[in-house]
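All remarks here apply to the structure that follows.
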Amino acid sequence: MDWIEEYKIPIGPWSKAIVNWLTDNMQSFFDGIAYVIDALVVAVAWILQAPHPLVVIAATASLAWYMHRSVALTGFVFFGLLLIINQGYWSETTETVSLVLSATTISMLIGVPVGILASSRPWLYRGLQPLLDLMQTIPTFVYLIPALVLFGLGTVPALIATVVFALPAPIRLTYLGISSTPVSLTETAEAFGATNTDILLRVKLPWAMPQIYAGLTQTIMLSLSMVVIAALVGADGLGVPTLRALNQVNISKGFEVGFVIVIIAIILDRLLKKESV
């Protein structure tokens, strides 16, 4: 089999050449992207960190009550966030939440329009499927390497890796929701003189909202699962104490941080679900 290896396709050298070209010719462009992303994350973190923690907790619990009218959920949000303060991870939690919310916002702003566009162009979705599979199956560290070269250490490569990993969820679920709209509904709308835009806004999108909401919650959960990866490339948050606990084989710290991550995951998931707990 040596003759097969002798004619090895230079995938690695080609990839390196592309990254080198981008670094040499488009560095100002990537600096601009880094500035915008960093400003977004810092702004969200400031909103969470500037007020007193009890104010943020009260506001979040009030939001839970307003959205779901559930005493159980409101109580869980209130006491769960108090427990995070009690464990001493409030600052790390707000940094992680700011990264998750920023990544989720970017993913939804890209994913929902792409899913809508693909729903009316089957050839586009067929072309996207291999790319979406690649985004969720390729090891994160593979595309972190060029991200680190282009953006350096810090929040930006962490957010880009998170978006790449989470983006397929809103695209696929938006496509599924729009595509599953019953033909009878669209035909009825057409019979009453509705345009394609009217059908999309008043028929297909309302029908697809449960799937779009599911894409939103999945995006948040996938983003939250990347906290450790974020810490590896220099981003602050709950991934930092998680890595320290792993390196030191510190069981107590590991369980503390893990429990905090679980609380945040449950709160974010329940807040954005239509059904109350």
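Observations on the structure shown:
- Accessible area per residue for the chain is 56 Å², calculated with a 1.4 Å probe on protein heavy atoms, without ligands, DNA or RNA.
- FRET efficiency, Thr197 to Gln49 (Cβ-Cβ, R0 45 Å, nearest 0.05): 0.60
- Ranking by accessible area, most exposed first, for Thr197, Thr23 with a 1.4 Å probe: Thr197, Thr23
- Probe 1.4 Å - accessible area at Asp24, Å² to nearest ten: 120 Å²
- Order of exposure, largest accessible area first, which applies to Val183, Val164 with probe 1.4 Å: Val183, Val164
- Overall shape: prolate for the stretch 110-269, with the ratio a/c of the largest to smallest alpha carbon gyration tensor axis at 1.5 or above and a/b above b/c.
- Electrostatic dipole magnitude of the chain [Cβ: Lys, Arg +1; Asp, Glu -1; Cα centre; debye, to 20]: 600 debye
- Counted over all Cα-Cα pairs of the chain, pairs farther apart than 26 Å make up 53 percent.
- Seen from all directions on average, the stretch 34-154 presents a Cα convex hull projection of 10.7 nm².
- Residues Glu92, Glu187 ordered from highest to lowest accessible area at a 1.4 Å probe: Glu187, Glu92.
- Cβ-Cβ FRET estimate between Ser179 and Ile138, R0 fixed at 25 Å, reported to 0.05: 0.45
- Under DSSP loop assignment and at most 12 Cβ neighbours within 10 Å, longest trypsin sites (Lys or Arg not before Pro)-free interval of the chain: 70-273
- Accessible surface of the chain, 1.4 Å probe, proportion on carbon and sulfur as whole %: 68 percent
- Heavy atoms of His68: accessible area, 1.4 Å probe, square angstrom to 10: 20 Å²
- Each Cα pair under 8 Å and six or more residues apart adds its separation to the average, and for the chain the resulting relative contact order is 23 percent.
- Taking N as its residue count, the alpha carbon Rg of the stretch 178-277 over 2.2 N^0.38 Å: 1.68
- Here the relative contact order of the stretch 192-277, from alpha carbon pairs under 8 Å that lie six or more residues apart, stands at 24 percent.
- Measuring only protein heavy atoms, the 1.4 Å probe finds Val240 accessible over about 40 Å².
The values are calculated or read from the model by the stated rules, or taken from the named source; none is laboratory data. Since the model is a prediction, treat every value here as computed from it, not as a measurement. Glycine also receives a Cβ, built like all others from the backbone with ideal geometry; neighbour counts cover every protein chain displayed. Only protein heavy atoms, including side chains, enter the accessible area calculation; ligands, DNA and RNA are left aside. Shrake-Rupley method; radii C 1.70, N 1.55, O 1.52, S 1.80 Å.
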